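Each remark here refers to the structure printed beneath this line.
The values are calculated or read from the model by the stated rules, or taken from the named source; none is laboratory data. Just so it is clear, the structure is predicted and the values come from calculations on it, not from any experiment. Virtual Cβ from ideal backbone geometry, glycine too; neighbours counted across all protein chains shown. The protein model used for the area step is the full one, side chains on, heavy atoms only, and it has no ligands, DNA or RNA in it. Shrake-Rupley method; radii C 1.70, N 1.55, O 1.52, S 1.80 Å.
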Amino acid sequence: MEEQQMRNPAQVQADSSLVMNGGPRRITHELVEDTGIAVTAADDVADIVRTGRTVYWGGGPRSKRLEREFADHIGRSMAFFHNSGTAALQTALFALGVTDGTPVAITDSGFVASLNVIQHLRARPVFLPTAPETLLCQEDVSDWVDGVDVHTALLTHFFGNVLDAPATFASTGAEYLVEDAGQAHGATLRGRPVGSFGDIGSFAGSHKKLVTSGQGGLNVYDDPTIDFRMRAYAHHGHSQGENIYPGYNFRGGEMEATLGLAALADLPTRVAARNRTAAAITEILEKAGLTVARTPAGLDCTPAWFDVPVLLDESWLGHRDWLIDVLRQDGIELWKYPALIALPWVKPYMANHGWWGEREEELLRVERRLWDRLVLIPTQISAEDGRVVAEALAEILS
Ligand SMILES: *Cc1c(COP(=O)(O)O)cnc(C)c1O
């Protein structure tokens, strides 16, 4: 930890150079954000609209092509294109048989959708702790699942960083692995794409994601039974003339598939650009003595940074949101992300089912102390702008 150099809230409050205290705004130009939409596909999308049909039962030709190309790209035999990444996560759990009360291990370091879908299936979340150095799930979580017969592990490669998902999965004792790679498109683990290790790999196609389709999500897998259950569930539970599950309409559309195909072709360039921005930000912040999330030590991996997580020291507990407001006045836009276990509905939901105990209470306390002092710098800006943001932040905090 190199936290000793960080200023505390009182020191920042007294800084006369801040806009808050009458100083000039540090960043005056508009930072251009890359939303991920492939504008080169605009005419293709318009052509689809002109045909008068943008969606097909079971998926149209563009969706089918995206599924084929995406499965090949990850190295799996099948893929299914959904209308959102959340839908993809929900069908993934359903396809594996998750239902009322099924224990699903979930990384507290993850996107809220992964937790929401567990609740939508009325399953039991079994929270896994976060490692402060990586802001990813800890590698060995055996203590945290002790006494619970975990059915499925839903593990997230968060912020574009790479979790050793097979190792964590093994330590959960779960039967099935779903890898949420929604923020880590293009990252690799031991030379293979993330999302290729689970029974199902799940990817999001929403705003700012690396394979953006505007709205969309893709699952990849090899098992035909998974394919059958997932597609039926996502088509109103319908299969061969009968409605066999209480399903949804979760299929992806042709305009979105067209955007996804264009984004997929551009993936290596996009990953390189975001990693350049992340490297520029990280170098400046680390030089200033700030703590930034790292890839797991000794792990053979390449990240695809989505955000750069910066961990404030403990003097900032209770003041982080104030800091975000102060920095915004100076033109520095930072984000935050909650501990999933700390969401207000989680404890009542789990307690109602008898799933909340001392272990959960302890994890809630520890995770809050971590996530409540985290700020995120998005990488969807140029490396040059990343440098400007990091320098301004370093100046204020160190
Ligand atoms: C974006 C995202 C999802 C899915 O979100 P949607 O907005 O429904 O597409 C899932 N997991 C992670 C890690 C994500 O970042």
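Comparing Trp355, Asn219, Gln329 along the charge dipole axis of the chain, the residue lying farthest to the positive side is Asn219, per the Cβ-charge model.
Magnitude of the charge dipole for segment 39-265, about its Cα centre and with charges confined to Cβ atoms of Lys, Arg (+1) and Asp, Glu (-1), is about 840 debye. For segment 1-101, trypsin sites (Lys or Arg not before Pro) are listed when DSSP marks them as loop and at most 14 other Cβ atoms sit within 10 Å of their Cβ; the list is Arg25, Arg53. Taking 26 Å as the straight-line reach from the Cα of Lys287, the lysines in range (excluding those fewer than 8 positions away in the same chain) are Lys336. Trypsin sites (Lys or Arg not before Pro), restricted to segment 305-369: which are DSSP loop and have at most 16 other Cβ atoms within 10 Å? Passing sites in segment 305-369 are Lys336.
If you place +1 on the Cβ of every Lys and Arg, -1 on the Cβ of every Asp and Glu, and leave all else neutral, what size is the dipole of the chain about its Cα centre, to the nearest 20 Debye? Don't skip to the answer; put the middle values down first.
On the way: 34 positive and 52 negative charges, 189 e Å.
It works out to roughly 900 debye.
From the alpha carbon centroid of segment 1-65 to that of segment 148-178 is 29 Å.
Just the accessible area per residue of the chain, please: how many Å² with a 1.4 Å probe? Could the numbers behind the result be given before it?
Details: 16200 Å² over 398 residues.
Here the per-residue accessible area is 41 Å².
The portion of the accessible surface of segment 39-265 made up by carbon and sulfur, rounded to a whole percent, is 50 (1.4 Å probe; DNA, RNA and ligands excluded).
Taking the DSSP beta bridges in segment 39-265 as the whole, what percent of them are antiparallel, to the nearest 5? Walk me through the numbers on the way to the answer.
On the way: 17 of 34 bridges.
Bridges in segment 39-265 that DSSP calls antiparallel: roughly 50 percent.
Work out how much length Arg25 to Gln13 would gain on full extension: take 0.36 nm times their residue separation and subtract the Cα-Cα distance, in nm to one decimal. Write out the running numbers ahead of the final one.
Details: separation 12, 0.36 × 12 = 4.32 nm, distance 1.55 nm.
Gain in length upon complete extension: 2.8 nm.
Counting other Cβ atoms within 10 Å of each Cβ, which chymotrypsin sites (Phe, Trp or Tyr not before Pro) in segment 265-367 have at most 14 and sit in a DSSP loop?
Working: sites: Trp305, Phe306, Trp316, Trp322, Trp335, Trp345, Tyr349, Trp355, Trp356; in loops: Trp305, Phe306, Trp345, Trp355, Trp356.
Those satisfying the criteria are Trp345.
Please find the FRET efficiency linking Asp325 to Glu242, where r is the Cβ-Cβ separation and R0 is fixed at 56 Å, and quote it to the nearest 0.05. It comes to 0.55.
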